[in-house]
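Let me begin by presenting the structure, written as structure tokens, before commenting on it.
Read-outs throughout are calculated quantities, based only on the coordinates presented, and are distinct from any laboratory measurement. Here the structure is a predicted model, which is why all the values come from computation and not from measurement. Note that we place each Cβ from the backbone using ideal geometry, even for glycine, and neighbour counts take in every protein chain shown.
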Amino acid sequence: MSHRRQGYKFPEDWTEDELSEVKQAEGLTITKVVPVNIEVKGEHKVLNLDKAKEYLSQAKEICLLDCGCRTAQHHCDAPLDVCMGWDSALRLMEQNRERNPRMITMEKAIETLERSHEAGLVHMAYALCDDKVNSICSCCSCCCAVLSSNLRFGLSLHMLTSDITSKTDFGKCDSCGICVDRCQFGARETVDGSLRFDPSLCLGCGLCVTKCPTGAIELMKKES
């Protein structure tokens with residue numbers, strides 16, 4: 001999974017101009033003037049499955065769209081129909097006609113989150129403001145403009161936020177490598193037959209937790 005390492009770039013990857021266009025199309029701020037000693041809250045939050053369901057449960061009307069990034073890049077065969085927006089984001093979602101927007105029920109939305117989690121995709125909330133979320137994308141590190149560019153330029157820990165991380169009980173770990181394959185952030189690797197985990201790279205998406213056959217991994221609140 002070399003593309004999950006910091007600095008990796010596909011031969012035909014997103015260019016910097018294309019990344020700028022994506023940010024503008026999504027209504028994301030590219031630059032800000034920041035006064036000295038003023039804290040700026042991250043706009044891209046990584047969610048575990050339970051947290052994603054919690055945000056989604058507050059929605060009244062939900063729109064499902066195809067993933068624009070995987071449709072453009074084709075670097076993997078992960079499912080396309082996994083991006084969702086609701087309530088105040090509906091108008092923006094419905095305008096993306098090329099992404100096949102359609103209204104869905106809450107039951108279908110929850111099934112979509114579970115299906116994308118099963119496929120190893122990271123749930124991400126964009127344009128976070130005062131902890132209010134009105135859209136969730138399910139992302140891969142090989143196609144997603146935001147996730148792949150953060151990894152490429154070594155910005156994941158600066159641009160992506162999460163209140164959760166994971167903890168591994170190496171006494172239970174049998175080094176099967178499943179968590180290595182599931183981790184989209186390059187925090188886990190197998191070295192000489194043993195698991196090596198770098199907690200500083202973990203953003204608590206939980207993809208490793210739900211598939212660990214020995215129950216060696218758990219999510220926990222980050223220390224302040």
Original post:
Working out 0.36 nm times the residue gap between residue 181 and residue 108, then minus their Cα-Cα distance, what length gain in nm do you get to one decimal?
Top reply: 23.6 nm
**OP:** Could you list, in their original order, any pairs among 167/211; 53/222; 132/211 whose Cα atoms are separated by more than 22 Å?
**Re:** 132/211
Original post:
By counting other Cβ atoms within 10 Å of each Cβ, how are 182, 91, 188 ranked from fewest to most?
Top reply: 91, 182, 188
Subject >> Pairwise label distance in nanometres, residue 214 with residue 192, each label 7 Å out on the Cα-Cβ vector >> reply: 1.8 nm
Original post:
Points 7 angstrom from Cα along the Cβ direction at residue 77 and residue 200: gap in nanometres?
Top reply: 3.7 nm
**OP:** Fewest Cβ neighbours within 10 Å first, please rank 148, 200 accordingly.
**Re:** 200, 148
Original post:
Among 63-69, 210-216, 139-145, 163-169, what's the highest-first ranking by average C-beta atoms within 10 angstrom per residue?
Top reply: 139-145, 63-69, 163-169, 210-216
**OP:** In Å³ and rounded to a whole number, note down the convex hull volume per residue for the Cα atoms of the stretch 165-221.
**Re:** 70 Å³
Original post:
Rounded to the nearest 20 Debye, what is the dipole magnitude of the stretch 165-221 about its Cα centre when Lys and Arg each give +1 and Asp and Glu each give -1 at the C-beta?
Top reply: 200 debye
**OP:** Could you work out how far apart the two model spin labels at residue 97 and residue 221 are, taking each label as a point 7 Å from the Cα in the direction of the beta carbon, and quote it in nm?
**Re:** 4.8 nm
Original post:
Say a paramagnetic label sat at a point 7 Å from the Cα of residue 58, along Cα to Cβ; which residues of the stretch 206-223 have their backbone N under 16 Å from it?
Top reply: none
